[in-house]
Amino acid sequence: MNAVLDLVGVAFVVVATLLIGVYGLRISRTTGDFFVASRTVRPVWNASAISGEYLSAGTFLGLSGLVLLDGARGFWFPIGYAAGYLLVLAFVAAPLRRSGAYTIPDFVEARLESTGARRVTSLAVLIIGWLYIVPQLHGAGITLVVVAGLPEWVGAVTIAVLVAVAVAAGGMRAITYVQAFQYWLKLTALLVPVVCIAFALSGGPHEIDPARVFPSEAGPSGFDAYQTASLLLALLLGTMGLPHVLVRFYTSPTGVSARRTTVIVIGMVSVFYAVSSAMGLLARIAAPDLAVPGVADTVVLQLPSRIFPGMFGELLTALIVAGAFAAFLATSAGLVVSLAGVISQDVFSGSVRSFRFSALLCALVPLAVALLTAPAGLVSSVGVVFVVAASTLSPAVLLGVWWRGLTARGAVAGMVTGGVSWGLALLVHAAVGGIGAAAPYLAQPAAWTIPLATGVMVAVSLLDPRGPSSRADRYLARLHTPERV
């Protein structure tokens with residue numbers, strides 16, 4: 001590796017982010033610009049931005065490492081990540097756009113006519129967002145340690161400061177341009193090395209052994225049925241509860257445009273997952289010694305230099321480093337935008353000034369957590385976020401869009417139940433590890449926390465003597481009526 005070239009790659013991403021952000025700042029003036037880009041983002045541009053923020057450190061670095069470690073088992077993550085958008089397309093994309101809200105708490109308050117439900121939703125959004133930002137900061141630290149030998153805190157601080165400045169300066173409109181650019185940079189940064197490495201291995205001394213690339217134990221009989229089903233449930237439903245994903249649909253001009261955006265997103269993220277997974281499969285051929293927990297996340301950074309000693313390998317590594325930093329920046333920026341909108345409206349005045357202050361605050365909190373904690377597996381860290389989102393926000397959003405009978409008390413009870421049950425499962429599993437037959441249910445709790453939260457939400461709503469809000473029918477009609485009508 002060439003530390004100078006790698007740092008030049010990082011500098012390129014930083015400068016490009018700042019320049020694009022400055023351009024966005026020139027046309028960001030109103031509150032609508034800062035919160036939802038004045039609802040004028042067209043499908044292709046919006047899909048590029050959504051894909052840019054959705055493809056995080058866990059995907060760019062962690063997915064290849066997971067495939068290196070687990071072979072075909074690792075494919076469940078990209079399958080779940082991409083398929084989650086099918087549910088978003090079918091159930092929430094267009095209704096959320098028609099709601100007229102700026103944030104998820106806005107939607108919940110308007111749907112249920114309850115400030116209490118709004119506060120609980122805001123708390124869930126903040127927890128999910130901050131949990132998701134921390135792996136991005138850890139990933140940045142890991143990258144600079146591997147390629148330049150710098151301390152881990154340098155990468156984390158760099159990403160946090162840059163994101164805070166970019167979001168505070170230009171809001172949603174500026175970040176939309178930045179994230180769209182970063183999606184195409186990330187795809188190029190992985191696709192070019194994958195193609196080059198594949199050609200090199202096809203004509204080189206490496207024997208491609210299918211048993212090593214796709215181990216037999218990774219077939220259907222090798223999967224634990226419960227853990228696989230629980231993982232897929234978390235990934236599928238968790239997408240509907242990610243605040244930085246849902247807030248993007250508020251930027252579309254119409255509900256139809258939001259649906260078109262989602263279709264394009266499915267194609268974009270599927271292409272990226274295919275490329276990232278291919279890198280992991282190539283690593284199983286050329287670098288099996290890196291299949292060690294904690295080391296596997298660095299395989300994307302180390303593989304090019306192994307296959308191409310010399311300047312060409314160093315250039316490919318620098319390209320990957322640039323793409324990795326684009327991943328950290330894009331996801332962190334999307335999360336900070338969504339969180340700043342929530343804090344600005346719930347805690348402060350909802351003005352542009354309060355949005356900017358909130359953006360700084362939302363970047364500093366996860367930075368402090370990242371500096372005080374050690375990085376775990378990037379994919380598993382992101383997977384935890386999907387479980388939290390699927391157990392709290394997803395049932396509230398889905399029932400809020402499709403069930404008239406949802407009440408504020410039911411929504412609050414369900415979100416609290418989902419959050420507490422997930423938290424207890426995580427704490428017990430972390431404290432004592434496996435407990436006999438209960439071990440898989442604690443390690444992967446989504447299969448029971450999601451039904452539990454949803455069941456409590458429905459039961460409490462049915463038993464609530466106050467019943468649904470008086471404007472439920474009118475609001476639901478707004479959500480499901482096409483704009484042309």
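Within the accessible area of segment 378-421, the carbon and sulfur atoms contribute 72%, probe 1.4 Å, all protein chains present.
Distance between the modelled labels on Trp153 and Ala3, one decimal in nanometres: 1.8 nm (7 Å Cα→Cβ projection). Only protein atoms count toward the accessible area here, which uses a 1.4 Å probe; on segment 328-369, the carbon and sulfur part of that area reaches 71 percent. Rounded to the nearest 20 debye, the dipole size of segment 396-485 about its Cα centre is 360 debye, using +1 on the Cβ of Lys and Arg and -1 on the Cβ of Asp and Glu.
For segment 378-485, applying the loop criterion from DSSP together with a ceiling of 16 other beta carbons within 10 Å to the chymotrypsin sites (Phe, Trp or Tyr not before Pro) yields Trp403.
When each of the peptides 125-134, 236-245 is scored by the mean number of other C-beta atoms lying within 10 Å of its residues, the order from highest to lowest reads 236-245, 125-134. Taken one residue at a time, the phi angles of segment 267-276 give Karplus couplings (6.51, -1.76, 1.60, θ = phi - 60°) of x, 5, 6, 5, 4, 5, 5, 4, 5, 5 Hz. Gly and Pro are set to x. Between the entries [x] 24.9; [y] 52.2; [z] 22.1, the label attached to mean projected area of the Cα convex hull in nm² calculated for this structure is [z]. Relative to the Cα centre, the charge distribution of the chain, modelled as +1 at Lys and Arg Cβ and -1 at Asp and Glu Cβ, gives a dipole magnitude of about 1800 debye. When both segment 234-282 and segment 425-485 are represented by their alpha-carbon centers, they are found 22 Å apart.
Per residue, segment 346-427 exposes 39 Å² of solvent-accessible protein surface, assessed with a 1.4 angstrom probe and all protein chains in place.
Counting only protein heavy atoms and a probe of 1.4 Å, the accessible surface of segment 66-198 is 75% carbon and sulfur. Per residue, the average separation of C-alpha pairs within less than 8 Å and at least 6 apart gives the chain a relative contact order of 31 percent.
Send over a whole-number figure in Å² for the accessible area per residue of segment 266-321, probe 1.4 Å.
Heavy-atom accessible area per residue stands at 32 Å².
Compute the length gained on full extension between Val161 and Arg306: take 0.36 nm times their separation in residues and subtract their Cα-Cα distance, giving the result in nm to one decimal.
Answer, rounded to one decimal: 48.9 nm.
Accessible area per residue for segment 43-177, computed on protein heavy atoms with a 1.4 Å probe, is 25 Å².
Distance between the pseudo-spin-label points of Asp289 and Thr373 (7 Å out from Cα toward the beta carbon): 3.3 nm. Ranking Leu476, Ala229, Leu66 by how far each Cα lies toward the positive end of the dipole of the chain (charges on Cβ) leaves Leu476 at the top. When the surface is traced with a 1.4 Å probe over the full set of protein chains, Ile79 keeps roughly 90 Å² accessible. A simple rule links phi to the HN-Hα coupling: the Karplus curve 6.51 cos²θ - 1.76 cosθ + 1.60 with θ = phi - 60°, which for segment 134-149 gives 4, x, 5, 5, 4, x, 4, x, 4, 4, 6, 5, 5, 8, 10, x Hz, with x for Gly and Pro.
Ordering Leu190, Trp45, Gly323 by the projection of their Cα atoms onto the charge dipole of the chain, which places +1 on the Cβ of Lys and Arg and -1 on the Cβ of Asp and Glu, puts Trp45 at the extreme positive end.
For every other residue with a beta carbon closer than 14 angstrom to the beta carbon of Ala374, add +1 if it is Lys or Arg and -1 if Asp or Glu, then tell me the sum.
Values: positive: none; negative: Glu152, Asp297.
Once positives and negatives cancel, what remains is -2.
Label sites at Leu462 and Ile79, each approximated as a point 7 angstrom past Cα along Cα to Cβ, lie 3.3 nm apart.
Rounded, prolate or oblate: which one fits segment 50-174, using the alpha carbon gyration tensor with axes a ≥ b ≥ c (rounded when a/c is under 1.5, else prolate when a/b beats b/c, else oblate)? Since a/c reaches 1.5 but b/c is at least a/b, the shape of segment 50-174 is classed as oblate.
The values are calculated or read from the model by the stated rules, or taken from the named source; none is laboratory data. Quantities reported herein were computed from a predicted structural model and do not represent experimental measurements. Here Cβ is always computed from backbone atoms with ideal geometry, including for glycine, and neighbour counts include all displayed protein chains. For the accessible areas, the whole protein counts, side chains as well, though only heavy atoms, and no ligand, DNA or RNA atoms are used. Shrake-Rupley method; radii C 1.70, N 1.55, O 1.52, S 1.80 Å.
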